[in-house]
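> What follows is a structure written as structure tokens; I'll ask about it next.
Throughout, read-outs are computed from the coordinates displayed, never taken from laboratory work. Just so you know, these numbers come straight off a predicted model, no measurement behind them. Cβ: placed from backbone, ideal geometry, glycine included. Neighbour counts: every protein chain shown.
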Amino acid sequence: MKWLEKIKQIKHWEIYAAVTVVVVMLGIYLSSMRGNHNSTKQTDPVTAVTQNDSSYASQLETKLQNVLSCIAGAGHVVVMVMTDSEGTAELAYDIQEKNVTQTGANSQEVETTTVDKKVVTKNGSPVVLWTNPPKIIGIVVVATGASDVGVRLNLLHAVQTMLGENHVPIQILAGI
């Protein structure tokens with residue numbers, strides 16, 4: 001117990017202990033990030049589809065930027081769209097039901113149904129029936145002409161019209 005008393009005599013020993021814990025946790029995190037890149041891991045087809053598609057937010061940013069830069073007095077416009085996820089995809093499934101009748105212990109017939117659900121693929125990729133875009137959680141527009149109140153309102157109304165939603169926070173800022 002002498003070591004415990006020696007530790008308690010060090011000024012601010014709690015800070016040293018906390019820093020040590022953080023360093024160890026950071027080391028574990030970074031080592032898990034490296035991982036084994038040669039390992040083969042099974043990926044969820046939905047994840048594979050959403051990661052291979054172009055980013056919905058990036059496409060929306062480009063469209064908004066193109067339209068907003070055409071507004072009189074807007075000047076140079078940059079748009080950032082924040083979403084809560086990458087969206088989801090509804091995949092096509094091949095569903096097969098099998099009915100099996102078995103004779104039980106008392107000569108009773110018991111019928112069981114099993115369902116086999118497999119993702120339909122074409123050329124190795126899952127068949128997507130439709131995709132649901134991610135939820136937009138915020139938009140930031142920076143425009144050199146946004147210091148003018150009229151231009152700022154025009155930018156705001158244009159973004160609201162393009163989104164078709166009034167529940168998304170939109171921030172219009174003047175740029176340099």
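> Could you list which residues have their amide H under 5 Å from that of residue 138, counting only those 5 or more apart in sequence or on another chain, with H placed in the peptide plane?
82
> Still on this structure, please answer the following. Give me 25, 162 sorted ascending by neighbouring Cβ count inside 10 Å, so fewest comes first.
25, 162
> Per 5 Å bin, what percent of the C-alpha pairs of the stretch 68-176 does each bin hold, from zero upward?
2, 10, 13, 11, 9, 7, 7, 7, 7, 6, 4, 4, 4, 3, 2, 2, 1, 0
> Rank the residues 167, 157 as a footprinting-exposure proxy: fewest other Cβ atoms within 10 Å of their Cβ go first.
Ordered by Cβ neighbours within 10 Å, fewest first: 167, 157.
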